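The values are calculated or read from the model by the stated rules, or taken from the named source; none is laboratory data. Since the model is a prediction, treat every value here as computed from it, not as a measurement. FYI the Cβ positions are ideal-geometry reconstructions off the backbone, even for glycines, and counts take in every protein chain you see.
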Amino acid sequence: MTSDLPQSINPLCLAKTRDAIVGKIKLNSLSRTKTVLMNEEGELKYSLKFDFDKSGVCIIECEIETELILECQRCFKPLEFNVRNISLLGIIGKGKELGTLAKEYEPLELDEDGETTVEELIEEELLLSIPLSVLHPLDKCAGTNDLDKINVEAKVRPFSGLAVLINGKD
Ligand SMILES: [Zn+2]
């Protein structure tokens with residue numbers, strides 16, 4: 001089953017037939033994620049598999065895969081961030097407490113009609129997979145390179161001075 005968004009789904013119905021939804025979403029259609037992106041181009045691939053566990057809880061295996069352009073919090077330049085995440089969502093039944101859900105599931109509440117949208121599901125998982133602060137690796141960060149340059153110059157100068165002294169003596 002492949003489909004365009006936005007798309008309301010009923011996880012309980014889909015779990016009865018152990019259905020799966022596979023598709024792609026444009027990153028610029030994810031309104032909450034857009035605020036942290038430096039570039040909104042690109043897509044996210046997803047797969048949602050619906051089932052019931054042994055205790056009868058409706059579960060969704062949610063897999064997302066994408067590449068985001070985030071802002072490095074050290075040099076404020078673009079940073080490529082790969083997301084590949086699989087999570088297991090457990091649906092909280094009406095009137096049931098959060099604590100009744102097994103710990104390995106992320107809790108998911110449905111609206112009054114027992115529905116949610118693919119977009120909402122995916123974006124929630126995507127936001128959870130983005131760290132609060134992203135940084136380039138030290139050797140690739142422009143912020144660090146500037147600092148390194150200063151450090152290197154500071155270290156090189158005394159030696160070059162010494163070289164002049166030595167050469168002067170010769
Ligand atoms: Zn950086």
Determine if the stretch 113-123 includes at least one residue that is of a type in the set (D, E, K, R), within 16 Å of the ligand (Cβ to nearest atom) and assigned by TED's automatic domain parsing to the domain that holds LYS16. no
Suppose the filter is without any contact (Cβ under 8 Å) to a residue 40 or more places away in the chain, within 16 Å of the ligand (Cβ to nearest atom) and under 30 Å from ALA142 (Cβ atoms); does ASN28 pass it? no
From the option list LYS54, LYS49, LYS34, LYS103, single residue qualifying as surrounded by 14 or more Cβ atoms within 10 Å (Cβ to Cβ) and among the basic types (Lys, Arg) is LYS49
Is the stretch 124-142 home to any residue that is away from the ligand (no atom under 16 Å from the Cβ) and in contact with a helix residue (DSSP H, G or I) (Cβ under 7 Å, 6 or more places away or on another chain)? yes
Could you check ARG74 against (1) within 16 Å of the ligand (Cβ to nearest atom); (2) touching a strand residue (DSSP E or B) at 6+ places or on another chain (Cβ under 9 Å) and say which number it fails? (2)
When both residues are 6+ apart or on different chains and their Cβ atoms are under 6 Å apart, which pairs have a first residue that lies in the stretch 125-143 and is charged (D, E, K, R), and a second that is away from the ligand (no atom under 16 Å from the Cβ)? GLU125/CYS62; GLU125/ILE64; GLU125/SER87
Test: SER55 is away from the ligand (no atom under 16 Å from the Cβ), among the hydroxyl-bearing types (Ser, Thr, Tyr) and under 16 Å from the mean Cα position of the chain (by Cα): no
Please tell me if GLY93 is part of a helix (DSSP H, G or I), on the phi < 0 side of the Ramachandran plot and more than 16 Å from the ligand (Cβ to nearest atom). no
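Output yes when any residue across the stretch 63-71 is within 16 Å of the ligand (Cβ to nearest atom), surrounded by fewer than 17 Cβ atoms within 10 Å (Cβ to Cβ), touching a residue at least 12 places away in the same chain (Cβ under 8 Å) and assigned by TED's automatic domain parsing to the domain that holds ILE92, and no when none is. Full working, then the answer.
Going through the stretch 63-71, the residues within 16 Å of the ligand (Cβ to nearest atom) turn out to be 68-71.
When the remaining residues are screened for being surrounded by fewer than 17 Cβ atoms within 10 Å (Cβ to Cβ), the result is 69, 71.
Now narrow it down to the ones that are touching a residue at least 12 places away in the same chain (Cβ under 8 Å): 69, 71.
Next, from what is left, pick out any that are assigned by TED's automatic domain parsing to the domain that holds ILE92: 69, 71.
Yes - at least one qualifying residue is present in the stretch 63-71.
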Within the group GLU80, GLU104, which residue is in the same structural domain as THR35 (by TED's automatic domain parsing) and modelled with pLDDT of 90 or more? GLU80
